[in-house]
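Before any comments, here is the structure.
Computed from the coordinates by the stated procedures, all read-outs in this text should not be read as laboratory data. All values derive from a computational prediction rather than experimental measurement. All Cβ positions, glycine included, derive from the backbone under ideal geometry; neighbour counts span all protein chains shown.
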Amino acid sequence: MTTPPPFQRHDGWLHAEGVPLARIAEEVGTPVYVYCATALAERYDALDAAFAGVPHLIAYSIKSNPNLAVVRTLLNRGAGVDVTSKGELFRALHAGGAASRMVYSGVGKRDDEIEAALEAGIKMFNVESRAELRRIDAVAARLGVVAPIAFRVNPDIDPQTHPYISTGLRTSKFGIPFGEAVAAYAEAKTLEHVRAIGIDCHIGSQLTNVQPFGDALARVAELVRDLRDAGHAIEVIDVGGGLGVVYEDEVPPTMQEYAAVVSDAVAGLDCELVLEPGRSISANAGVFLTRVLYEKRNEDKHFIVVDGAMTDLIRPALYQVYQAIEPVGPPRQTLHVVDVVGPVCESGDFLAKERQLPAVERGELLAVRSAGAYGFTMASNYNGRPRSAEVLVRGDRFEVVKRRETLEDLIRGETIPEELTR
């Protein structure tokens, strides 16, 4: 039985599962993020099923959407977590995650972050440089423990995606050069407080072609064989994340196609696979709701000014990417070419440019699709704007899972030292 999409129309009005989006906006206000729990669970389950029969850990990439309720929804399906900071580690633990099912990635780990991860008992560090390796060894020595590690290797494979989210090229800040890997593992073997248990490779995000995955992992598989010949007990291959989703007209691989390419590339190595999905789980499980403030025209442009801004959803401005936008109410037939813009004092503050949309009036709601990943998590308070609320829906019920910030939240933690400000 095919499950209906998480966001669809009933009697002309857009719903999140069984809840009218207009009702959420009325009760919670706008702008607001809305996530569907059923869609989150189904995407996780589909990936898990695709790798059935292969030892694996799905370590949800918490940076994509770190809301505690979203994370708990996935933890309850069996997920681990991929974290990149002390704050994300804290969040994952607070959501109920087991540290032993967490991997710690990221190119710049501070000593206090390494210490927190070791004290929590994480599964392993993905190490991005030999300088980092030595810091992990030093911190582990101070704590009297041995740190499990995997080097993130850079296979110099073009992921065919946006340059800002391409991480596997030799010009990237991420990982160690492929040709340096054998020497790096040899150095790790000389250190008393690290143990190399795996290897990591993450080439980028929003990949819509499986070939780069296969090409990168074929190189990794050969390296694993070389490392084992050199006496390194490689037990884990972290294949990263990066599987793309539909924003406009993309045709990303299915979970089954992705799993087939990954499994084939590492076949016969008898390793546990760690997968780090983020966007592919959460993106299309969320929408961003914003309300029309004004309609504005000049000689060349037709603007729809809304209460949502780049401070709430920065992807269109930062990456110049497409996210579908539609009225929450029954769409009118007449289409207009418009720019959907926010109130922030930047020309880059837009949600869409040169977009064909049905006519809308002041007070009407717009829904920005595919907003469950890299939406709220990248929000800011620029222009003194409190961050929006977040809502989780399941069936015909919804709950606010992150309250809207208040004006008082904007100045929390600040002080005015009188002796310095006179």
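Checked against a 18 Å cut-off, the cross-linked pairs K86/K189; K296/K353; K63/K86; K86/K123 give Cα-Cα distances beyond that limit for K86/K189.
Working from Cα pairs under 8 Å separated by at least six residues, relative contact order for region 105-277 is 20 percent. Take every Cα pair under 8 Å whose residues are at least 6 apart in sequence, average their separation, divide by the length of region 298-422, and the relative contact order is 25 percent. Neighbour counting of Cβ atoms within 10 Å sorts the residues R91, R385, fewest neighbours leading, into R91, R385. With neighbours defined as other Cβ atoms within 10 Å of a residue's Cβ, the residues M255, M102 order from fewest to most as M255, M102. For the chain, the spread of Cα positions along the three principal axes, ordered from largest to smallest, is 69, 67, 42 Å. Counting neighbouring Cβ atoms within 10 Å and putting the fewest first, the residues H10, H56 line up as H10, H56. DSSP beta bridges confined to the chain are antiparallel in about 45 percent of cases.
Each residue of region 229-242 was assigned a 3J(HN,Hα) from its phi angle through the Karplus curve 6.51 cos²θ - 1.76 cosθ + 1.60 (θ = phi - 60°); the sequence is 4, 8, x, 8, 8, 7, 10, 10, 10, 8, 8, x, x, x Hz, with glycine and proline shown as x. For the chain, the relative contact order comes to 19 percent (Cα pairs under 8 Å, sequence separation of at least 6).
The convex hull drawn around the Cα atoms of region 105-277, when projected onto a plane and averaged over every direction, covers 9.9 nm².
Comparing S129, P177, G144 along the charge dipole axis of region 105-277, the residue lying farthest to the positive side is G144, per the Cβ-charge model. A Förster distance of 30 Å, applied to the separation of the beta-carbon atoms of D339 and L407, puts the FRET efficiency at 0.55.
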